[in-house]
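Before any comments, here is the structure.
Read-outs throughout are calculated quantities, based only on the coordinates presented, and are distinct from any laboratory measurement. Since this is a predicted model, take the numbers as computed values, not measurements. Neighbour counts run over all protein chains shown; Cβ positions are idealised from the backbone, glycine included.
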Amino acid sequence: MKLLVTGAEGQVGAELIRCGQKLGLQMIAASRNRLDITNKSSVAAFIAHHGPDIVINGAAYTAVDKAEDDHVCAGAINSQGPAHLATACSAQNIPLLHISTDYIFDGQSAAPYSEDDKPNPQGVYGKTKLAGDEAVARTIEQHIILRVAWVFDAHGHNFVRTMLRLAEERDELRVVADQFGGPTWAGDIGATLLAIAQRYGKGEAMPWGTYHYSGIPAVSWYEFAQAIFGEAVKLGMLSRSPKVIGIASAEYPTPAQRPQNSVLNCQKIQQQLGISQPDWRTGLITTLQEWQKQ
Ligand SMILES: NC(=O)c1ccc[n+]([C@@H]2O[C@H](COP(=O)([O-])OP(=O)(O)OC[C@H]3O[C@@H](n4cnc5c(N)ncnc54)[C@H](OP(=O)(O)O)[C@@H]3O)[C@@H](O)[C@H]2O)c1
């Protein structure tokens, strides 16, 4: 089976290429310099030229705070790019697997968000991602939108990397303790998307649509930071854990407002595709071990 991955040098994109190659799949790594998803005619020509069996969109504008002052660019990448991919895939009659985010919700619900809950994004990033999801859903029937959360990997910029850098610089860190979510290792997202692609490749009936997928257990950023330092000390990457002080979001103002509770209810993917939520603590250890090797 031939799979085309856009944004192939991002956290999820790189894991998709790595895992797909390990599985013996033919992977076309379309990094940004090979394919700019904001260019409609390039997208159509690239897909027609390579003739993949399926396209996975790993490309996105993910700088949540920067997006607040960069509406045009964020919209082009997160909203129009997926629309171009959906149009091109539909023209070739091939499915599009697209990735979305927990930040399309406002975070005011006390319960985990299910796929039927009403989106209400608070920032430009979430708004542009939601517009991209809507474009995919209305343009191409054969689609999966996988909404993920709090992504980390050994490859790329993320909370784990930031915490480890700060731990080397400071004895004490203040970390937001009133925002909750499900950290998700990019390797688990890659494996899930490839499992879905392989299921399609075998000719199985596909329950197209939107699915939530994130790691367990749900935690606050403060608890996530403590887990990162705990594992890093065990692996000898840090000589000691910095003191972590939990603070309220109001004490750490950011340009983009984040959802307070963006925990995702992932029952649908379990029921319809047999895919369980991964324990992010396993992915965290793998991530730290990969860093040690680098
Ligand atoms: N990161 C998170 O915490 C998080 C949380 C929830 C959901 N998600 C979603 O998960 C997906 C994957 O995120 P990620 O963390 O892997 O993102 P990432 O590491 O930021 O990777 C995104 C990739 O897209 C590329 N890209 C940007 N503009 C492009 C364009 N016009 N054409 C083609 N490629 C372009 C980027 O290239 P450059 O680096 O050169 O710009 C980068 O390689 C995204 O849909 C994101 O919205 C992420």
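Annotations
- For the range 72-83, 3J(HN,Hα) computed residue by residue from phi via the Karplus equation (6.51, -1.76, 1.60; θ = phi - 60°) reads 5, 5, 4, x, 4, 7, 8, 10, 6, x, x, 5 Hz, glycine and proline entered as x.
- The range 167-230: GluC sites (Glu not before Pro) in DSSP coil with no more than 12 other Cβ atoms inside 10 Å: GLU204
- Taking the inverse of the mean 1/r over every pair of distinct Cα atoms in the range 1-107 gives a Kirkwood hydrodynamic radius of 14.1 Å.
- Top of ALA74, ALA110, ALA48 by mean-square fluctuation, Gaussian network on the chain, Cα under 10 Å: ALA110
- Quarter the surface of the alpha carbon convex hull of the chain and you get the mean projected area, 14.6 square nanometres.
- Couplings for the range 209-215, taken from phi via the Karplus curve 6.51 cos²θ - 1.76 cosθ + 1.60 with θ = phi - 60°, read x, 9, 9, 9, 8, 8, x Hz in order; Gly and Pro are left as x.
- Set of lysines with alpha-carbon distance to LYS268 below 26 Å, sequence-local pairs under 8 removed: LYS118, LYS127, LYS129, LYS202
- In order along the range 282-292, phi translates into HN-Hα couplings of 5, x, 5, 5, 4, 4, 5, 5, 5, 4, 4 Hz, rounded to whole numbers, per the Karplus curve 6.51 cos²θ - 1.76 cosθ + 1.60 with θ = phi - 60° and x for Gly and Pro.
- log10 of Debye I(q)/I(0), alpha-carbon scatterers only, for the range 110-153 at 0.19 Å⁻¹: -0.74
- Between the range 241-274 and the range 175-238, the alpha-carbon center distance in angstrom: 12
- Charged-residue dipole, Cβ positions (Lys, Arg, Asp, Glu), the range 135-204 about Cα centre, Debye nearest 20: 300
- Per residue, the convex hull spanned by the Cα atoms of the range 35-93 measures out at 67 cubic angstrom.
- For TYR113, the amide hydrogen comes within under 5 Å of the amide hydrogens of VAL263, LEU264, ASN265, counting only partners 5 or more places away or on other chains and with H modelled in the peptide plane.
- Top of LEU238, LEU193, LEU130 by mean-square fluctuation, Gaussian network on the chain, Cα under 10 Å: LEU238
- Spacing of the two label points (7 Å from each Cα toward its C-beta) at ASP279 and THR254, in nm: 2.8
- Placing +1 on the Cβ of every Lys and Arg and -1 on the Cβ of every Asp and Glu, with no other charges, gives the chain a dipole of roughly 620 debye about its Cα centre.
- For the range 125-249, the C-alpha radius of gyration sits at 1.32 times the compact-globule guess of 2.2 N^0.38 Å, with N the residue count.
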